[in-house]
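Presented below is the structure to which this report refers.
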There are 2 protein chains.
Amino acid sequence: MKCSVYIATSVDGFIARNDGSVDWLDSSGNREAEMGGNADMGFGKFMSSVDCVIMGRNCMEMISSMNLTAGQWPYGDTRIIVLSNTIKEPPKNLKGKVELYSGDLLELAAKLEREGFKHAYVDGGKTIQSFLNLKLINEMTLTRVPILLGEGKPLFGKTTQNIKLEKSEAVAFPNDFVQVHYKVSYL
Amino acid sequence: MKCSVYIATSVDGFIARNDGSVDWLDSSGNREAEMGGNADMGFGKFMSSVDCVIMGRNCMEMISSMNLTAGQWPYGDTRIIVLSNTIKEPPKNLKGKVELYSGDLLELAAKLEREGFKHAYVDGGKTIQSFLNLKLINEMTLTRVPILLGEGKPLFGKTTQNIKLEKSEAVAFPNDFVQVHYKVSYL
């Protein structure tokens, strides 16, 4: 099963402010820019390529706090697995939309693969770090939001080894967001 | 006086390992790639646009440790100012090549401007952070080396405010390094 990261960070590498807020995602960049066919910067195309989502609890709680309408829900009916060792039930507004998982991540990946899943969208800082250190991430799409926050929750953390990135592609969108795509290689 | 940053970082934002080493700069990426006219990824063109260099002491000591020959010296006869409050003399192998400065950075920038300097190359993590917080940096060229180091000396640090980046440009080189250029905007 292929595992991909698709995430936005500030240019200094944060995915959220220290209090978890992501207000800067929507308020940054040139908001008057004509984006042509790239209004979603490729998210829809990426989303249609995955058949499951694996995210951390923080990530789920952020989504829960948004109280998305059915029309705003970005995941369609894609299966969503939320990692948590502490909670056993999803928040009310995500009931029936996500399932909780507690346990070994290699086992989770193997289980999903046995069930026929081909491509997982791995989301959330700590979850991405865990998957990278288990050598499970195959590709990363990083969208750099044109702002320096100075502090916050970092996308990346300590790694158990240096991780090599390959086959880089880059595009600067008219709104000044820069999106980079890499294949991940482990030695 | 325009102040520009031109620096390489790992994809997770480090400019050196914790011990200061930058071995990964030369060993990363696709070293077999045909770089055409971009072997230096624009450094020569950038260097020819500046008329002075301002760097921190750590940065100078790294350069000193390389024991560059005259042919390897990348700065030509461009004036180099090294910031240090602790040392008063440059290392032996940089005597006559760099001058030391201790004191206020706004005064330094004003002094260089009065002397007719038009474009400073600002280098070194702490120096760049100080110049950003004084709103002195006008442009940044960040070259992302395709590796995750996991830890090291970060390019960016705390900022006194959010800093907005504009007019983004991006290029992925055949060696998988990605270079991004921004104008820096302060609110």
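The values are calculated or read from the model by the stated rules, or taken from the named source; none is laboratory data. What you are looking at is a predicted structure, and each value in this text was computed from that prediction instead of being measured. Neighbour counts are summed over all protein chains in view; Cβ atoms, including those assigned to glycine, are modelled from backbone coordinates with ideal geometry. Please note that ligands, DNA and RNA were not included when accessible areas were found on the heavy atoms of the full protein model with its side chains. Shrake-Rupley method; radii C 1.70, N 1.55, O 1.52, S 1.80 Å.
Measuring heavy-atom accessible area with a 1.4 angstrom probe and counting protein chains only, the residues of region A:163-187 that give up at least 20 Å² relative to the chain alone are A:163, A:164, A:165, A:168, A:170, A:172, A:176, A:178, A:182. Leaving ligands and nucleic acids aside, the B/A contact buries around 2600 square angstrom of accessible area in total at a 1.4 Å probe radius. The same position residue A:76 in the other copies lies at 5.6 nm from this copy, comparing label points 7 Å beyond Cα toward the beta-carbon, shortest first. Computed on region A:118-187, with alpha-carbon pairs under 8 angstrom and 6+ residues apart, the relative contact order is 37 percent. Give a quick list of trypsin sites (Lys or Arg not before Pro) in region B:99-187 that DSSP marks as loop, anything other than H, G, I, E or B, with at most 16 other Cβ atoms within 10 Å. Taking region B:99-187 and a limit of 16 other Cβ atoms within 10 Å, the loop trypsin sites (Lys or Arg not before Pro) found are B:118, B:135, B:158.
What a 1.4 Å probe finds exposed on chain B is 50% carbon and sulfur by accessible area, rounded to a whole percent.
Plainly put, the tip 7 Å out from Cα toward Cβ on residue B:126 is 3.3 nm from that tip on each other copy, the closest given first. Convex hull volume of the Cα atoms of region B:41-136, normalised per residue: 112 Å³.
In the complete set of protein chains, residue-level accessible area for residue A:63 is approximately 20 Å², probe 1.4 angstrom. How big is the gap, in Å, between the Cα center of region A:172-187 and the Cα center of region A:72-92? That distance is 27 Å. When the pairs B:111/B:135; A:135/B:45; A:92/A:126 are compared against a 28 Å limit on Cα-Cα distance, A:135/B:45 fall above it.
Computed with a 1.4 Å probe over protein heavy atoms only, the accessible surface of the protein assembly as shown comes to 48 Å² per residue.
Debye sum, Cα scatterers, chain B, no solvent: what log₁₀ I/I(0) at q = 0.09, 0.16 1/Å? Result of the Debye calculation: -0.32, -1.12. If you keep only loop residues by DSSP, which GluC sites (Glu not before Pro) in region A:44-119 have at most 11 other Cβ atoms within 10 Å of their Cβ? Here the GluC sites (Glu not before Pro) that fit, given the DSSP loop and packing criteria, are A:115. Computed from the C-beta positions of residue B:26 and residue A:160, the FRET efficiency with R₀ = 22 Å rounds to 0.40. Think of region A:1-84 as a dipole: +1 on every Lys or Arg Cβ, -1 on every Asp or Glu Cβ, centred on the Cα centre; then among A:13, A:24, A:54, A:54 lies furthest on the positive end.
Of the chymotrypsin sites (Phe, Trp or Tyr not before Pro) found in region A:93-187, no site is in coil according to DSSP while having at most 10 other Cβ atoms within 10 Å of its Cβ. The other copies place their residue A:40 label points at 4.5 nm from this one, listed shortest first, where each point is 7 Å from Cα along Cα→Cβ.
With contacts taken as Cα pairs under 8 Å at a separation of at least 6 residues, chain B carries a relative contact order of 38 percent.
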